[in-house]
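Enquirer: Sharing a structure with you now.
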Amino acid sequence: PHVIEPSIGVDRLFLALLCSAYDEDIVGGEKRSVLRFHPSIAPVKVAVFPLVKNKEEIVDKAQDIYKRLQMRYNVIYDTSGAIGRRYRRMDEAGTPFCVTVDYDSLEDDTVTIRERDSTKQRRIKVDELFSYLSMQIDGY
């Protein structure tokens, strides 16, 4: 058995929160570490990724979405590494949603949103993204 016995105060609450949120599971035959914070208490709510960093139109659209989301939530913008590695980094940080801007985003104004816990991805219109995130994170 593991026992955490810090002095009373914020330390105890913080350690209990981390211990209860930490999880490991298997996705696609690979073991992953994940912090399953409820979206309302996750330190970073959303991560925004351009699929590629060398296509100016994709980067500009991703930065626009990032700036708009940043007005309401704590958001991360990341262009380093493969998209799968970016997803895994955000899983480990406890980020509940990742938004990916790709080539289809330029044509039909949709983005891919990935949910941390289920790892399911779906396409959603940019106009509907903000209300979707508000419902998932804030509950309204």
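The values are calculated or read from the model by the stated rules, or taken from the named source; none is laboratory data. Everything numeric in this text was worked out from a predicted model, so none of it was measured. Note: ideal-geometry Cβ built from the backbone for every residue, glycine included; neighbour counts use all protein chains shown. When the accessible area is computed, the model is the full protein with side chains, heavy atoms only, and any ligands, DNA or RNA have been set aside. Shrake-Rupley method; radii C 1.70, N 1.55, O 1.52, S 1.80 Å.
Enquirer: Evaluate the following for Val59: is it in contact with a strand residue (DSSP E or B) (Cβ under 8 Å, 6 or more places away or on another chain) and open to solvent by 20 Å² or more (accessible area, probe 1.4 Å)?
Expert: Taking the combined requirement at face value, the residue satisfies it.
Enquirer: Here is a further query. Could you tell me which of the residues Arg122, Arg114 is open to solvent by less than 20 Å² (accessible area, probe 1.4 Å) and charged (D, E, K, R)?
Expert: Arg114
Enquirer: Related question: Taking the condition of being free of Cβ contacts under 8 Å to residues at least 12 places away in the same chain and surrounded by 11 or more Cβ atoms within 10 Å (Cβ to Cβ), how many residues in region 21-36 meet it?
Expert: The number of residues fulfilling the criteria is 1.
Enquirer: Now for a separate question. Could you tell me which of the residues Tyr103, Tyr77, Tyr87, Tyr66 is of a type in the set (Ser, Thr, Tyr) and loosely packed, with under 14 Cβ neighbours inside 10 Å?
Expert: Tyr103
Enquirer: Then there is this: Please work out if Pro39 is open to solvent by 70 Å² or more (accessible area, probe 1.4 Å) and either under 27 Å from Met135 (Cα atoms) or not in a loop (DSSP other than H, G, I, E, B) (or both).
Expert: Against the criterion (open to solvent by 70 Å² or more (accessible area, probe 1.4 Å) and either under 27 Å from Met135 (Cα atoms) or not in a loop (DSSP other than H, G, I, E, B) (or both)), Pro39 does not qualify.
Enquirer: Being more than 14 Å from the chain's Cα centre (by Cα) and surrounded by 12 or more Cβ atoms within 10 Å (Cβ to Cβ) is the filter; apply it to region 42-56 and report the residue that is farthest from Arg86 (Cα to Cα).
Expert: Checked region 42-56; the qualifying residue farthest from Arg86 (Cα to Cα) is Lys55.
Enquirer: Tell me, which strands (runs of 3 or more DSSP E) wholly within region 42-127 include 1 or more residues that are closer than 28 Å to Glu24 by Cα, free of Cβ contacts under 8 Å to residues at least 40 places away in the same chain and of a type outside the set (Asp, Glu)?
Expert: Passing ranges, in order: 75-77, 110-115, 121-125.
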